[in-house]
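Please treat every number below as a calculation from the coordinates, not as lab data. Note that this is a predicted model, so its numbers are computed, not measured. Reconstructed Cβ throughout: ideal geometry from the backbone, glycine too, with neighbour counts over all protein chains shown.
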2 protein chains.
Amino acid sequence: MQRYFTTQTAQLGQTVTLEGEAAHHLQRVMRGQLDDQVEIVTANQQAYRAKVTALQTTTVSLQLQAALPSTEMSRRVLIACGIPKKTKADWIVQKGTELGAAGFIFFASQYGIAKWPPQRQAKKLTRLRKIALEAARQAHRNVIPTVNIVANLTALCQQVKDIGIVAYEESGKQGEHAALVQTAQQLRAGQTLLAVFGPEGGLAPAEVLQLRQAAFVPAGLGPRILRAETAPLYLLSALSTLWELC
Amino acid sequence: MQRYFTTQTAQLGQTVTLEGEAAHHLQRVMRGQLDDQVEIVTANQQAYRAKVTALQTTTVSLQLQAALPSTEMSRRVLIACGIPKKTKADWIVQKGTELGAAGFIFFASQYGIAKWPPQRQAKKLTRLRKIALEAARQAHRNVIPTVNIVANLTALCQQVKDIGIVAYEESGKQGEHAALVQTAQQLRAGQTLLAVFGPEGGLAPAEVLQLRQAAFVPAGLGPRILRAETAPLYLLSALSTLWELC
């Protein structure tokens with residue numbers, strides 16, 4: 001069933017009105033009809049099964065008929081990545097949204113080859129936020145992940161979080177395997193984890209040091225070497241396993 | 001450090017000779033010199049740190065100097081996927097190799113839109129096996145995953161395995177979350193898990209029934225809807241978490 005997000009607040013039994021792209025999609029792309037059923041997520045992140053009650057030129061009205069269970073992780077996981085090459089940011093956001101990330105933060109890092117000059121950042125963000133919205137609809141999320149860019153590691157260290165970790169290849173190689181599980185156990189419902197990943201070339205030793213001094217815990221992600229774009233997906237799947245399956 | 005696979009059998013202190021693409025890569029692409037160090041995985045899946053002892057026109061000789069720890073999962077995980085669209089098979093193999101899969105099996109399924117006609121299968125397999133080799137080198141695997149195509153679900157059910165599971169969206173939706181963890185706990189070291197995933201449209205109810213009758217256990221992968229190409233990566237990350245981090 002198609003899922004749409006609205007910025008409106010409404011309760012069970014009340015009516016919401018889709019506008020813009022969502023209304024266009026339901027009416028034109030999906031050829032929606034009166035009485036069709038879809039899923040609506042309201043501004044307070046509650047999902048409902050809803051019935052189409054009116055189709056106007058550019059809007060669609062729907063009545064909220066049944067509350068649906070949340071598909072969100074109990075803790076918020078923010079994925080911070082050194083700016084990666086080519087279209088890898090697109091798919092970190094797409095796959096990371098499917099896998100439950102609360103948000104994404106991209107930052108310029110020492111070994112990063114790709115640059116996002118300030119004049120192109122607004123366009124990048126628009127594109128990545130659209131990918132997050134589409135993936136959130138497909139994955140039946142209750143939350144559209146945030147996407148942001150910060151200037152550097154210092155700005156990243158200042159982001160609000162309860163626990164910070166840094167995915168560190170050397171930790172995995174040295175057989176460190178407990179930090180991720182311990183972090184998952186420490187984090188309480190509603191708290192925020194900020195997980196930092198390097199770009200293709202990894203993080204520089206000075207960057208790892210700066211993160212450690214800012215209380216980020218180095219965490220290994222198993223014995224194999226994961227590419228920059230694979231490591232965040234491993235982390236999100238691991239946390240889902242520990243919080244949602246165990 | 002670059003890692004190369006050889007089909008030769010050798011022990012610590014002995015010499016192996018790289019040929020073909022591996023020799024070309026070490027000599028021409030990496031501009032290898034005498035005394036350079038690389039990693040060599042021998043035919044018995046043991047990795048060594050090795051030193052270049054001779055560079056010939058089309059071959060490179062290396063002495064095995066130190067045994068390296070294995071990066072393999074203790075159990076073998078075979079990923080079976082309904083043939084997916086476009087280049088998705090490429091990246092299931094690339095990412096799945098990084099995440100530790102022992103092999104990949106593609107099969108024609110009822111809701112699959114993509115077809116691999118018999119006359120194109122040999123070319124497909126050559127391409128996918130090359131991707132698996134490259135990803136195994138990059139991820140520092142001890143094993144190059146196998147890649148195969150079987151004609152249909154009946155042939156898939158006959159593959160050798162100790163436990164079979166089928167990733168089933170409806171299981172996840174209905175809140176089933178214990179099957180994967182239980183399966184991970186049941187599987188002993190050296191045993192083989194065969195995990196089946198549908199194509200973009202999912203598996204047909206009759207296909208799920210056939211798998212269940214062949215003793216495949218339906219397993220949910222958390223509450224969010226994962227795309228066909230994301231679900232195998234979740235599974236591999238989850239099993240690594242349970243076997244290698246917990």
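Packing here is the average count of other Cβ atoms within 10 Å per residue, and on that basis the peptides A:68-76, B:137-145, highest first, run B:137-145, A:68-76.
When each of the peptides B:202-211, B:218-227 is scored by how many other beta carbons lie within 10 Å of its residues on average, the order from highest to lowest is B:218-227, B:202-211.
In terms of the Cα gyration tensor, with a ≥ b ≥ c the square roots of its eigenvalues, is segment B:106-202 rounded because a/c is under 1.5, prolate because a/b exceeds b/c, or oblate?
oblate
Would you mind getting me the FRET efficiency between A:Glu19 and A:Asn44? Use the beta-carbon distance for r and R0 = 22 Å, nearest 0.05. The pair A:Glu19/A:Asn44 has a calculated efficiency of 0.75. Mean per-residue shielding of peptide A:94-103 is 3, counting Cβ atoms of other chains within 10 Å of each Cβ.
Dipole of chain A (Lys/Arg Cβ +1, Asp/Glu Cβ -1, origin at the Cα centre): which of A:His140, A:Tyr111, A:Ala54 lies farthest to the positive side? Ranked along the dipole, the leading option is A:Tyr111. For A:Ala214, neighbours were defined as the other residues whose beta-carbon sits under 13 Å from its Cβ, and their charges (Lys and Arg +1, Asp and Glu -1) total +1.
Label-to-label distances for B:Trp116 across copies, nearest first, come out at 3.5 nm, using points 7 Å from Cα in the beta-carbon direction. Enter the Cα centre distance for the pair segment A:29-66 and segment B:174-246, rounded to the nearest angstrom. Computed from Cα coordinates, the inter-centre distance equals 33 Å.
Normalised by residue number, the volume inside the convex hull of the Cα atoms of chain B is 130 Å³ per residue.
Computed over the protein assembly as shown, the per-residue total of -39500 (n - 2.57) for DSSP H runs of n ≥ 4 gives a 222 nm mean residue ellipticity of -8500 deg cm²/dmol, rounded to 500. Per-residue mean of foreign Cβ neighbours for A:65-75 is 1 (Cβ atoms of other chains, 10 Å radius). Counting only DSSP beta bridges with both residues in the protein assembly as shown, the antiparallel share comes to about 40 percent.
Of the residues A:Glu229, B:Glu21, the one with the fewest other Cβ atoms within 10 Å heads the list, and the complete ranking is B:Glu21, A:Glu229. Between B:Tyr111 and A:Thr87, take the C-beta separation as r, use R0 = 25 Å, and let me know the FRET efficiency to the nearest 0.05. Step by step, r from the Cβ atoms, then E = 0.35.
Which peptide among A:114-122, B:24-32 comes first, and what is the full order, when sorted by highest mean count of other Cβ atoms within 10 Å?
The packing order, highest mean first, is B:24-32, A:114-122.
Legend: Rg and Dmax of segment A:3-68, from Cα coordinates, 10.4, 29 Å. When the charge dipole of the protein assembly as shown is built from unit charges on Cβ atoms (+1 for Lys and Arg, -1 for Asp and Glu) and taken about the Cα centre, the candidate among B:Leu187, B:Pro205, B:Thr71 whose Cα reaches farthest toward its positive end is B:Pro205. Overall, segment A:1-107 carries a charge dipole of about 420 debye about its Cα centre when +1 sits on the Cβ of Lys and Arg and -1 on the Cβ of Asp and Glu, all other atoms neutral. Taking the Cα centre of segment A:146-246 as origin and assigning +1 to Lys and Arg Cβ atoms and -1 to Asp and Glu Cβ atoms, the resulting dipole is close to 120 debye.
Legend: mean number of C-beta atoms from other chains within 10 angstrom of residue C-beta atoms, peptide A:214-224, equals 4. Computed from the alpha carbon atoms alone, the convex hull of the protein assembly as shown holds 162 Å³ per residue.
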